[in-house]
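The block underneath contains the structure these notes are about, expressed in structure tokens.
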Amino acid sequence: MALIYQAASQGDAQVRAALVESPGMADLCVYRVPARGQAVGDALWYITRDRDMASARVWFGSIGMSQVRICFVASHGLAGWRRPHPLRGRF
């Protein structure tokens, strides 16, 4: 279940991510779901303001500092991993 808290600093984060514009550049394409119960797997994210409720704390920064490249997509069907990645299953 991907309940994501956006960390304000690298020190508070469990994962460092970079936002990219194109799904072709992404390691993971993410679809934001409107309800907590819809967050399933790594690619369907529910963004929470409650740090303690989160399954992962993510900090967004530059590509050079990131562990994973994320692209937000407009539909559920486009979400998912684009290539094998060591962070698969972490969210």
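Some observations on this one:
- Within region 46-91, the residues that satisfy the criterion of being over 18 Å from Met25 (Cβ atoms) and either touching a helix residue (DSSP H, G or I) at 6+ places or on another chain (Cβ under 7 Å) or among the aromatic types (Phe, Trp, Tyr) (or both) are Tyr46, Arg57, Trp59, Phe91.
- Residue pairs meeting the criteria (Cβ under 8 Å; at least 6 apart or on separate chains; first modelled with pLDDT under 95, in region 1-13; second open to solvent by 10 Å² or more (accessible area, probe 1.4 Å) and among the polar types (S, T, N, Q)): Met1/Ser55; Ala2/Ser55
- Looking only at residues of region 4-52 that are closer than 14 Å to Arg82 by Cα and β-branched (Val, Ile, Thr), we find that the one that is least open to solvent (accessible area, probe 1.4 Å) is Val30.
- Complete set of residues in region 61-91 that are of a type in the set (Phe, Trp, Tyr) and open to solvent by 50 Å² or more (accessible area, probe 1.4 Å): Phe72
The values are calculated or read from the model by the stated rules, or taken from the named source; none is laboratory data. Bear in mind that the values here come from a model prediction, so they are computed numbers and not experimental data. Cβ: placed from backbone, ideal geometry, glycine included. Neighbour counts: every protein chain shown. The protein model used for the area step is the full one, side chains on, heavy atoms only, and it has no ligands, DNA or RNA in it. Shrake-Rupley method; radii C 1.70, N 1.55, O 1.52, S 1.80 Å.
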